[in-house]
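The values are calculated or read from the model by the stated rules, or taken from the named source; none is laboratory data. Bear in mind the structure is a predicted one, so any value in this text is a computation, not a measurement. Because the Cβ atoms are built from the backbone with ideal geometry, glycine has one as well, and the counts that use them run over all protein chains shown. Protein only, heavy atoms only, side chains kept; ligands, DNA and RNA dropped before computing areas. Shrake-Rupley method; radii C 1.70, N 1.55, O 1.52, S 1.80 Å.
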Amino acid sequence: MQAVIMAGGKGTRLTSVTKEQIPKPMVRIGKKPILEYQINTLKENKITDIWIITGPLHEIIEDYFGDGSKWGVRIHYFIEQQAMGTGGALFFLKQELKNDFFLLFGDIFFDIDLKRMIEFHRRRQASITLFAHPNSHPADSDLVILDEEQRVNHILRKNEPRIEYYKNMVNGGIYCFHVCVLDSILKAGYLDLEKELIFPRIQTHQDVFGYISPEYVKDIGTPKRLQTAEEEWESGLVKGKNLGRKQKCIFVDRDGTLNRYVGLLADPEALELEEQVPDAVKLAHKKGYLVIVITNQPVIARNLCSLKELEKIHNRLEVLLGEQGAYVDAIKFCPHHPDKGYPEERTEYKIFCHCRKPEIGLIEEAAAEFHIDLSNSYMIGDTTTDIRTGKNAGLKTVLVQTGVAGKDGKYSDKPDRIARNLLEAVKMIE
Ligand SMILES: [Zn+2]
């Protein structure tokens, strides 16, 4: 398989680091340029035929990487004589690229299992798959709006008004393309990849998909972000989050744990975060855990709320977290309820299922999806149902004293630890 790396950017926001003497992808983390990490990741995923698009200062990249043999790959260069935007150079590579290829931007620092992404791309028969993930600053990021099959319906630019609550899902700048997409580039010249190639394709073909992953991907476009990336790399977080490795996870309950307990919640505006929750979630991530919400939402079966409205409630949760720089990796809910016989109920959801806590269907689903080692993971919640769920799944458990504070009296299971709130609970975890 092939890859194209866009490495021609000048990095105007990073001049304090580059001094305009080196191209942005040659900025170092540890002792190596960002570009070298990208090439190593490609090689680990057996992608060894690499095109690097360069611009001014191209000789610095060529001198460092040469033909790529030192890294076990074959590198070809295309030098842009004038700025061609984020996609203009692709016109010249039409004859060189075959089938599916990766398209990367040279200022993205990442460590991801590309094999998983290409499998997704092929399974969906996508023409373009973009890497989508939640980040710590959704309000000033372009948001990717996906449908249930993860097809991209829309990309909301960061400068467009946010008229409702949106899911925290951002474009990571890593793409898998089928070469047929390049047929629509008819002439040489400047090309904005998103505006002129990806957006029209979303409209006309409906075959652009978002591959969702919690793996580490960061744009190092500012000195602050570069510094954070460096710290996260040194702590082992970057490598640890690669889905080729076993993940550890903190599963958290929703009502009474993340957000204030108000009984059955059916109105987005009624959702407010519990105390110190954004800090707790950020700390969990810093400790290398995924954070996945596991919640029973019988409001669906009881017809107090539609799936669309529940989505809005969850989007508000994500927006409130995002405003404080925090995000969850996934929200999984059970819409069912076993007791039949209410006049307004939706009978199709009135079933015994394997996903309603204390059953562990949702946890098993998350474990398969994110390669989670359950024996190294936790369940945190405010009810004895959460504690029973954690025990059923082989997780360590922490009961929080927010919400109903374990006083629901349903199960007699004892938690491993008891904490005042979510932040205290996460602090107890190694
Ligand atoms: Zn269920």
List the number of the failed condition for ILE313; all other conditions in (1) away from the ligand (no atom under 14 Å from the Cβ); (2) open to solvent by 10 Å² or more (accessible area, probe 1.4 Å) hold.
(2)
Would you mind finding the one in ALA366, ALA419, ALA405 that is surrounded by 22 or more Cβ atoms within 10 Å (Cβ to Cβ) and over 11 Å from VAL252 (Cα atoms)?
ALA366
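Among the residues that make up the stretch 347-356, is at least one of them in a helix (DSSP H, G or I), more than 11 Å from the ligand (Cβ to nearest atom) and surrounded by fewer than 19 Cβ atoms within 10 Å (Cβ to Cβ)?
Looking only at the stretch 347-356, we keep the residues that are in a helix (DSSP H, G or I), and these are 347-349.
Imposing the further condition that a residue be more than 11 Å from the ligand (Cβ to nearest atom) reduces the set to 347-348.
Subset that is surrounded by fewer than 19 Cβ atoms within 10 Å (Cβ to Cβ): 347-348.
The answer is yes; a qualifying residue exists.
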Taking the stretch 370-396 and keeping only residues that are buried (at least 16 other Cβ atoms within 10 Å of the Cβ) and of a type in the set (Ser, Thr, Tyr), one is left with SER377, TYR378, THR383, THR384, THR385, THR389
Which residues, counting only those in the stretch 389-400, are in a loop (DSSP other than H, G, I, E, B) and within 16 Å of the ligand (Cβ to nearest atom)?
ALA393
PRO33 being over 23 Å from the mean Cα position of the chain (by Cα), under 24 Å from ASN135 (Cα atoms) and crowded, with 20+ Cβ neighbours inside 10 Å
yes
Mind listing whichever residues of the stretch 182-241 are open to solvent by less than 90 Å² (accessible area, probe 1.4 Å) and basic (Lys, Arg)?
ARG201, LYS218, ARG225, LYS241
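Go over the candidates ALA132, ALA83, ALA139 one by one and state the one that is touching a residue at least 40 places away in the same chain (Cβ under 8 Å) and buried (at least 19 other Cβ atoms within 10 Å of the Cβ).
Working: ALA83 fails: buried (at least 19 other Cβ atoms within 10 Å of the Cβ); ALA139 fails: buried (at least 19 other Cβ atoms within 10 Å of the Cβ).
Answer to the selection: ALA132.
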Just to be sure before I move on: is LEU399 open to solvent by less than 30 Å² (accessible area, probe 1.4 Å), of a type in the set (A, V, I, L, M) and free of Cβ contacts under 8 Å to residues at least 40 places away in the same chain in the structure I sent?
yes
Within the stretch 357-388, of all residues that are within 14 Å of the ligand (Cβ to nearest atom) and farther than 29 Å from TYR211 by Cα, the one farthest from the chain's Cα centre (by Cα) is THR385
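Check ALA284, ALA326 and return the single one that is surrounded by 17 or more Cβ atoms within 10 Å (Cβ to Cβ) and part of a loop (DSSP other than H, G, I, E, B).
Details: ALA284 fails: part of a loop (DSSP other than H, G, I, E, B).
Only one candidate passes the filter, namely ALA326.
Hey, can you tell me all the residues within the stretch 287-305 that are at pLDDT below 95 and either part of a helix (DSSP H, G or I) or open to solvent by 10 Å² or more (accessible area, probe 1.4 Å) (or both)? Before you say what the answer is, go through the steps one by one.
In the first step, residues of the stretch 287-305 are kept if they are at pLDDT below 95; the result is 298-305.
If the condition is that a residue be at pLDDT below 95 and either part of a helix (DSSP H, G or I) or open to solvent by 10 Å² or more (accessible area, probe 1.4 Å) (or both), then PRO298, ARG302, ASN303, LEU304 are the ones that fit.
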Of all residues in the stretch 254-266, which are open to solvent by 10 Å² or more (accessible area, probe 1.4 Å) and touching a residue at least 12 places away in the same chain (Cβ under 8 Å)?
ASP255, ARG260, TYR261, LEU264, ALA266
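Within the stretch 35-82, work out how many residues are over 26 Å from GLY240 (Cβ atoms) and assigned to a strand (DSSP E or B). Please lay out each step first, then the result.
Just the residues of the stretch 35-82 that are over 26 Å from GLY240 (Cβ atoms), to begin with: 49, 51-70, 74-82.
Imposing the further condition that a residue be assigned to a strand (DSSP E or B) reduces the set to 49, 51-55, 57, 74-79.
Residues that pass the stated criteria total 13.
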Determine, yes or no, whether LYS158 is touching a helix residue (DSSP H, G or I) at 6+ places or on another chain (Cβ under 8 Å), open to solvent by 80 Å² or more (accessible area, probe 1.4 Å) and not polar (S, T, N, Q).
yes
Is the stretch 330-342 home to any residue that is open to solvent by less than 20 Å² (accessible area, probe 1.4 Å), away from the ligand (no atom under 16 Å from the Cβ) and assigned to a loop (DSSP other than H, G, I, E, B)?
no
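Would the stretch 402-417 turn up any residue that is more than 16 Å from the ligand (Cβ to nearest atom), without any contact (Cβ under 8 Å) to a residue 12 or more places away in the chain and charged (D, E, K, R)?
If we filter the stretch 402-417 for residues that are more than 16 Å from the ligand (Cβ to nearest atom), which is where we start, we get 402-417.
Applying the additional criterion that residues be without any contact (Cβ under 8 Å) to a residue 12 or more places away in the chain yields 407.
Add one more test, that the residue is charged (D, E, K, R), and what stays is 407.
Yes - at least one qualifying residue is present in the stretch 402-417.
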Collect the residues in the stretch 109-157 that are at pLDDT 95 or above and among the β-branched types (Val, Ile, Thr), keeping them in residue-number order.
ILE112, ILE118, ILE128, THR129, VAL144, ILE145, VAL152
Going by the conditions given, is THR18 without any contact (Cβ under 8 Å) to a residue 24 or more places away in the chain and surrounded by 15 or more Cβ atoms within 10 Å (Cβ to Cβ)?
yes
Scope the stretch 97-107; condition among the acidic types (Asp, Glu) and either exposed (fewer than 15 other Cβ atoms within 10 Å of the Cβ) or in contact with a Gly (Cβ under 7 Å, 6 or more places away or on another chain) (or both); matching residues:
ASP107
